[in-house]
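See structure below.
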Amino acid sequence: MAISGFELFPGMGPVMGQLEKDIEDGFVNISRAAVLLSHRHATRDGDDLTIWSLLIGDVQDADPIAMWQRQVGNSIPTGSLISSAQRIEGHPGLGWAPFSPSVLQRVDKQNAGANVYPAFDGLETSNGVITPEGLRASWLTYIFPVGTSSPIHGEPQQSAVPGPCVDIAARYLRDCELGALLQCMPCNGPRTIPVPYRASPNWLIVVCGSRHGVTWEWKGIYEWDSSIALPPFSIKEILII
């Protein structure tokens, strides 16, 4: 199905720039299509999913679960996942995957006044691999115990977790024993310098939780005030289910 010159949304001209060229040449990958749509909202919830499937050439259906399952074996820039998009729920292995490329309008209205973070292509960030078990990727990682959890095996014992971690635990990690903060690593250059989110002066950090530290669940995005020192991060491979 050709979509060159196709007006994606009413009142909007054809997509401009490099993305337009990519569309004219064929189809774009799932993460780049999500980036495009996260910056240009469709008129109705559900329209984004239809257009998303068209952009990536996946015309079997507009079911986000099936779309992501057909991506198993492919890689994805970790930075393209840093957004406010809702995640798939109730399907093991896909809890990290965006349900929609943009924040659904009904959810956006419920959270009026809250910061909304659109996706970026993340091309400068390291890739993760989509597996049947989940997203396996290396991140700059800080792991900390939640509440009265015992010290983490194999991790240096923390004398005290940073203040924001208390807020993070209360907001995201009530059913977890361990928390993990993740930052994207660059695909080139020094691997220990995180890639910042483009549209905020603060650090946008992925929050994950776990009961055992083997697999992790995506819990959300946290904006860490840049005036507060970050905890020590180290490179770790994480499986997010």
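What the table below lists for this structure:
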read-out: Those residues of the range 42-66 which are over 16 Å from the mean Cα position of the chain (by Cα) and modelled with pLDDT of 90 or more, in sequence order; value: ALA66
read-out: Filter pass, SER84 being at pLDDT below 90, under 20 Å from ASP48 (Cα atoms) and surrounded by 14 or more Cβ atoms within 10 Å (Cβ to Cβ); value: no
read-out: So ARG32, is it closer than 20 Å to ASN127 by Cβ, modelled with pLDDT of 75 or more and out of contact with any strand residue (DSSP E or B) (no Cβ under 7 Å at 6 or more places or on another chain); value: yes
read-out: Residue check for ILE168: aliphatic (A, V, I, L, M) and within 15 Å of the chain's Cα centre (by Cα); value: no
read-out: Residue that is farthest from ASP121 (Cα to Cα), among those in the range 47-78 that are in contact (Cβ under 8 Å) with a residue 60 or more places away in the chain and touching a Pro at 6+ places or on another chain (Cβ under 9 Å); value: VAL72
read-out: Complete set of residues in the range 174-199 that are over 21 Å from ALA229 (Cβ atoms), aliphatic (A, V, I, L, M) and modelled with pLDDT of 95 or more; value: LEU178
read-out: Scan of the range 215-232 for residues that are under 25 Å from ALA85 (Cα atoms) and either buried (at least 16 other Cβ atoms within 10 Å of the Cβ) or among the hydrophobic types (A, V, I, L, M, F, W, C) (or both), ordered by number; value: THR215, TRP216, GLU217, TRP218, LYS219, ILE221, TYR222, TRP224, LEU230
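The values are calculated or read from the model by the stated rules, or taken from the named source; none is laboratory data. The structure presented is a predicted model; accordingly, all values stated were derived computationally and were not measured. Every residue, glycine among them, receives a Cβ derived from its backbone with ideal geometry; neighbour counts consider all protein chains shown.
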